[in-house]
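Okay, so here's the structure we're looking at.
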Amino acid sequence: MAADTEPLRNQADLLRCGLADLRTEDAELARILDAEVSRQQRTLSLVSSSCAATPRSLAASASALVNVTAQGVAGKRHHAGCENVDLVESLAIRRARELFAAQYAAVQSHSASNANYQVLSALLEPGDTLLGMALDHGGDLTHGSSLAFTGAHYKAIRYGTTAQGTIDYQEVRQLAMAHRPRIIICGATAYSRVVDFQRFRDIADEAGAIVLADISHIAGLVATGRHPSPIDVAHVTTTCTHKQLAGPRGGLILSGRDADTKVPGLRSSFRRVLDQAVFPGMQGAPAVNMIAAKAAALGYAMSAQFDAYMGRIRATADEMACAFMARDYEVMGGGTENHTILLRLPKGISGSLAESALEKCGIIVSKKRAPGETRSSFAANGLCIGTGSIAQRYVDPQGCRQIVDLVCRILDQLQPRGEQPYVLEPAQQERFRLETEALCAMYPILEYGDR
């Protein structure tokens, strides 16, 4: 920018100036960013762990707040110049508490994984026992996987699902009584049925354990009453803001009626130990621009528009699950009660092969291990499909059936043919990709369209 340029007066001026500078001074990066917007418009995302952030959240994340160092919490910072940061963080906390009917909310965590680690560090000592859902039954890395921090620093016991893909609560109780974990984690990354939080709390009370509920994948459904809330059932609840809340990558820590009770074995309340675990325990200065983006997402999540969006998520999930079952695909759990559909693939088709082939045709999915799989998660025997993104495209029942038909026709091409390895012919790939682009044009991401 020239030295005599008029000073920027507001956020809109800053964004306009930044975009202009990017295009003129760093055209290479600008082209890549533009290409990603185009890619998202031209591909169908059926990934259960993401949706499109609203433009308001994107704008807030690009705010000048990024220039402020603000260790501490609102009203008690270790740095000066935080008056607006304090207002933003207080707003995000107020909205999070209101949206989830919580007594306590912390909004600084950089992700749900960070939030989970912060909670566990506050409530566990190294070597303590935790009970969480097995990764190959739909759990998360942070819930006790041997590959993650939790599996390395704590004694992780894992529960699973039945052959039908539903949580085996009898096994949960048996393991809890046998191992007496300090914490029981409930919540999943690939589970299609309602989680019975009260049953987990009853088991935990009997075993003398603390309940941590991770609702990252169902936060929007919980907020709009389409899934039971754990806020006053679990001792602590965590979530992210990008999977269902149409916000930035970031985490929240919440608590309800237990917020001001003493942590078993400690003198302090959950509220106090959780605050200390975030800062100074495990995190330095917060990304305050991302807190602003969270505040924007939480404001949107309290709107009638968001409630309608969650309704579409459920409707499209039911429609697609029924369409897959009509094509004789095994849907784990016999259907879905949230936004997730976990498919067991036909014998001979690996999840990695299916994921790659679909991506080449413009359809983005996640490979996943269905119950009974013995191969690694990189091979897998299933696909996890979610409807968060297509609900933002306002896909109707007919569109859902068309998407399922297209996915199934692509997967049909993957069936083994004697000893010959499967190869997706370029001409086939191109035909399928054009079908995908036609569906994307029929159902665009309206939030990212012309206004």
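The values are calculated or read from the model by the stated rules, or taken from the named source; none is laboratory data. What you see is a predicted model; the values in this text were computed from it and never measured. A quick note on method: Cβ atoms are made from the backbone with ideal geometry, for glycine too, and the neighbour counts reach across all protein chains shown. For accessibility, only protein heavy atoms count, side chains too; no ligands or nucleic acids. Shrake-Rupley method; radii C 1.70, N 1.55, O 1.52, S 1.80 Å.
Before moving on, here are some points about what is shown:
- Here Ala370, Ala317, Ala321, Ala354 are screened, and the one residue that is in contact with a strand residue (DSSP E or B) (Cβ under 9 Å, 6 or more places away or on another chain), over 24 Å from Ala391 (Cα atoms) and crowded, with 20+ Cβ neighbours inside 10 Å is Ala370.
Condition check ((1) on the phi > 0 side of the Ramachandran plot; (2) at pLDDT 95 or above; (3) in contact with a Lys or Arg (Cβ under 8 Å, 6 or more places away or on another chain); (4) outside the structural domain of Asn381 (by the TED database)) across all residues:
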| residue | (1), (2), (3), (4) |
| --- | --- |
| Arg401 | no, yes, no, no |
| Cys408 | no, yes, yes, no |
| Gln415 | no, no, no, no |
| Pro421 | no, no, no, no |
| Leu424 | no, no, yes, no |
| Ala427 | no, no, no, no |
| Phe432 | no, yes, yes, no |
| Glu437 | no, yes, yes, no |
| Cys440 | no, yes, yes, no |
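- Count of segment 249-259 residues which are part of a loop (DSSP other than H, G, I, E, B) and open to solvent by less than 10 Å² (accessible area, probe 1.4 Å): 3
- Within the set Ala308, Ala292, Ala297, Ala259, the sole residue that is more than 30 Å from Thr161 (Cβ to Cβ) and not assigned by the TED database to the domain that holds Val107 turns out to be Ala308.
- Test: residue in segment 60-78 that is under 22 Å from Ala296 (Cα atoms), of a type outside the set (A, V, I, L, M, F, W, C) and assigned to a helix (DSSP H, G or I): yes
- Cross-chain or 6+ apart pairs with Cβ under 6 Å, segment 323-344 first and more than 14 Å from Arg401 (Cα to Cα), then open to solvent by less than 10 Å² (accessible area, probe 1.4 Å) and aromatic (Phe, Trp, Tyr): Val331/Phe324
- The residues on offer are Thr43, Thr129, Thr150, and the sole one that is in contact with a Gly (Cβ under 6 Å, 6 or more places away or on another chain), more than 26 Å from Gly18 (Cα to Cα) and either in the same structural domain as Thr340 (by the TED database) or surrounded by fewer than 21 Cβ atoms within 10 Å (Cβ to Cβ) (or both) is Thr43.
- Options Ala122, Ala96: the member that is buried (at least 20 other Cβ atoms within 10 Å of the Cβ), touching a Leu at 6+ places or on another chain (Cβ under 6 Å) and within 25 Å of Arg199 (Cβ to Cβ): Ala122
- Condition check for Asp196: touching a Pro at 6+ places or on another chain (Cβ under 9 Å) and acidic (Asp, Glu): yes
- Taking the conditions (1) closer than 30 Å to Thr54 by Cβ; (2) out of contact with any Asp or Glu (no Cβ under 9 Å at 6 or more places or on another chain); (3) assigned to a helix (DSSP H, G or I) in turn, Asn338 satisfies each one other than (3).
- Checklist (1) hydrophobic (A, V, I, L, M, F, W, C); (2) at pLDDT 95 or above; (3) within 27 Å of Gln415 (Cα to Cα); (4) open to solvent by 40 Å² or more (accessible area, probe 1.4 Å) applied to Met290, failing item: (3)
- Top-ranked residue in segment 190-214 [being of a type in the set (A, V, I, L, M) and assigned to a loop (DSSP other than H, G, I, E, B); ranked as most open to solvent (accessible area, probe 1.4 Å)]: Val194
- Checked against (1) assigned to a helix (DSSP H, G or I); (2) polar (S, T, N, Q); (3) open to solvent by less than 10 Å² (accessible area, probe 1.4 Å), Ser109 passes all but a single condition, namely (1).
- Selection count where residues are over 22 Å from Arg344 (Cβ atoms) and touching a residue at least 60 places away in the same chain (Cβ under 8 Å), scope segment 124-141: 1
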